[in-house]
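Written below as structure tokens is the structure these notes are about.
The values are calculated or read from the model by the stated rules, or taken from the named source; none is laboratory data. Note that the structure is predicted; figures quoted are calculated from it, not measured. No Cβ is skipped: glycine too gets one built from the backbone with ideal geometry, and neighbour counts run over all protein chains shown.
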Amino acid sequence: MRRSSILLLLLLTTILSFGQAKYVFYFIGDGMGPNVVLLTEMYLAQRNGEIGVKPLCMTQFPHYGTATTFSTSNSITDSSAAGTCLASGEKTKNNVLGLNANGEHVPTIAEILQERGYKVGLMTSVSIDHATPGAFYGQSANRNSYYTIGKQLADSRFNFFGGSSFYQPVDPKNPSSTNLYDYAEQAGYVFAHGIEEAQSFIAGGKEQVILIQKNEGQDRTKPGEGHIPYAIDRVPNALTLPQITKCAMEMLTASGDPFFMMVEGGQIDWANHANDAASAIQEVIEFDASIQMAYEFYQSHPDETLIIVTADHETGGLALGNDKYVLHLDLLDNQKGSISSINSRFEELYKQYGKKLTFDQVKAFFNQELGLYGNVNLTEEENAQLLKTFKEMKKNAQTTSSMYNDNIYPICKEAMGLLNKHAKVGWTTHSHSAAAVPVFAIGVGAERFSGYMDNSQIAPLIIEICQ
Ligand SMILES: [Zn+2]
């Protein structure tokens with residue numbers, strides 16, 4: 001009798017201590033390795049004249065783990081293999097979305113929880129058919145099959161999607177195909193163009209909402225923008241990730257029903273691909289502001305909420321330090337926009353003056369945009385190198401393209417590289433790296449995400465905590 005009472009007590013304790021998460025927030029910082037988080041915290045301290053860190057919300061969570069990210073085909077994963085693993089727990093090959101290495105679909109957290117009666121919202125700062133959100137509803141042997149993946153989005157019947165647009169609204173192989181806006185409307189979705197429209201749909205009780213940028217979908221056959229504006233380029237009236245998150249929360253929390261939300265900070269990755277530290281920092285701050293909203297929700301529902309923050313992989317091979325024992329992260333404050341916006345302004349200048357553009361004008365431009373020749377003192381060698389690139393450009397004005405950064409003038413890339421170098425920020429690659437990523441957790445079952453793990457362990461744990 002006594003023994004059975006103890007067993008019963010143990011069982012109850014186990015159930016209670018593991019608890020059940022009714023409200024789940026899954027934050028995925030694309031390309032958000034450990035150093036870009038620390039870079040942001042050290043930058044925030046250093047711009048206040050302090051050495052150390054000014055903590056972000058995510059790093060204050062009580063449970064911390066670190067996750068390896070390799071795929072079945074590559075030591076260094078891409079976003080589709082990593083997204084698939086974070087969504088389902090199954091590793092797969094690079095470039096594959098929503099299918100395991102044998103080509104079979106493995107149910108995702110979003111699909112499983114939808115069946116269990118949870119409402120589902122998926123949002124991102126890039127397009128809603130991109131690899132990370134796509135991994136929660138789509139299946140394709142090729143992550144770039146955007147049209148197919150966009151149809152699967154509508155087929156999911158998930159409650160909320162938010163992001164820039166559809167990247168490929170019409171099937172490129174079949175131009176007379178139904179465009180994705182019409183297709184999604186036939187599946188019961190309404191398109192909200194901007195925050196105000198989304199809020200009025202939500203207030204009106206709409207159950208399936210797709211929030212996109214204001215002008216997206218006006219021409220329903222035109223490819224959409226690949227992303228919302230970078231946080232560093234703040235554009236009035238354009239969407240921001242915290243606004244999208246707020247809208248989703250207004251919709252999903254209204255009824256008191258269980259919900260699962262995935263929020264992707266998609267442009268942390270894009271900034272890291274460009275080796276653009278100042279833009280990456282602002283993306284991390286924006287991502288963290290979304291996490292802060294979830295944290296506030298957690299504070300009023302601490303026994304029913306789980307928040308997980310992680311990344312799909314590291315991007316850029318970011319290093320904090322490239323010379324001696326110092327960082328000058330405050331210098332990054334001199335950068336006035338993302339590399340792509342600086343490049344656009346440079347292009348305007350170059351088009352205006354053409355062959356008559358002088359090196360003095362270029363110096364004044366980079367002084368304005370990046371603080372070079374002002375707060376950032378270039379060495380003679382650095383100046384000579386920039387002059388050489390300038391002369392080459394006048395002979396042959398070719399631009400270069402890399403992932404997510406098209407038609408960049410080499411001189412812009414070089415000038416921003418000099419700012420990063422002087423800030424003592426190092427980069428080893430314009431691609432991804434194999435660095436293990438952070439896992440921050442708070443709430444019901446959060447302690448189970450502590451320690452050194454593999455990214456395949458995360459999704460099964462979330463599913464278990466939501467039984
Ligand atoms: Zn990624």
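The table that follows gives values for the structure above.
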| read-out | value |
| --- | --- |
| Qualifying residue in the stretch 154-164 (condition: over 20 Å from residue 25 (Cα atoms) and either assigned to a strand (DSSP E or B) or over 20 Å from the mean Cα position of the chain (by Cα) (or both)) | yes |
| Check on residue 222, in a loop (DSSP other than H, G, I, E, B), closer than 20 Å to residue 146 by Cα and assigned by TED's automatic domain parsing to the domain that holds residue 126 | yes |
| Whichever residue in the stretch 94-135 is among the small types (Gly, Ala, Ser) and in a helix (DSSP H, G or I) and, among such residues, is farthest from the chain's Cα centre (by Cα) | 110 |
| Subset tally (residues that are part of a helix (DSSP H, G or I) and in contact (Cβ under 8 Å) with a residue 60 or more places away in the chain) for the stretch 74-93 | 8 |
| The stretch 432-449 residues that are on the phi > 0 side of the Ramachandran plot, paired with ones that are away from the ligand (no atom under 16 Å from the Cβ) and at pLDDT 95 or above (beta carbon under 6 Å, 6 or more apart) | 443/298; 443/305; 443/306; 443/307; 445/306; 445/465 |
| Flag if residue 161 is among the aromatic types (Phe, Trp, Tyr) and in contact with a Pro (Cβ under 9 Å, 6 or more places away or on another chain) | yes |
| Residue 49 away from the ligand (no atom under 16 Å from the Cβ) and more than 22 Å from the chain's Cα centre (by Cα) | yes |
| Check on residue 221, at pLDDT 95 or above and of a type outside the set (A, V, I, L, M, F, W, C) | no |
| Scan of the stretch 52-73 for residues that are of a type outside the set (A, V, I, L, M, F, W, C) and in a loop (DSSP other than H, G, I, E, B), ordered by number | 52, 54, 55, 62, 69, 71, 72, 73 |
| Residue in the stretch 130-137 that is among the aromatic types (Phe, Trp, Tyr), in the same structural domain as residue 226 (by TED's automatic domain parsing) and away from the ligand (no atom under 16 Å from the Cβ) present | yes |
| Residue 95 being within 16 Å of the ligand (Cβ to nearest atom) and either closer than 29 Å to residue 156 by Cβ or assigned by TED's automatic domain parsing to the domain that holds residue 248 (or both) | yes |
| All positions within the stretch 77-124 that are among the polar types (S, T, N, Q) and within 15 Å of residue 140 (Cα to Cα) | 79, 80, 84, 88, 92, 94, 95, 100, 102, 108 |
| Some residue of the stretch 227-236 being assigned by TED's automatic domain parsing to the domain that holds residue 114, assigned to a loop (DSSP other than H, G, I, E, B) and within 16 Å of the ligand (Cβ to nearest atom) | no |
| Some residue of the stretch 147-161 being touching a His at 6+ places or on another chain (Cβ under 9 Å) and surrounded by fewer than 24 Cβ atoms within 10 Å (Cβ to Cβ) | no |
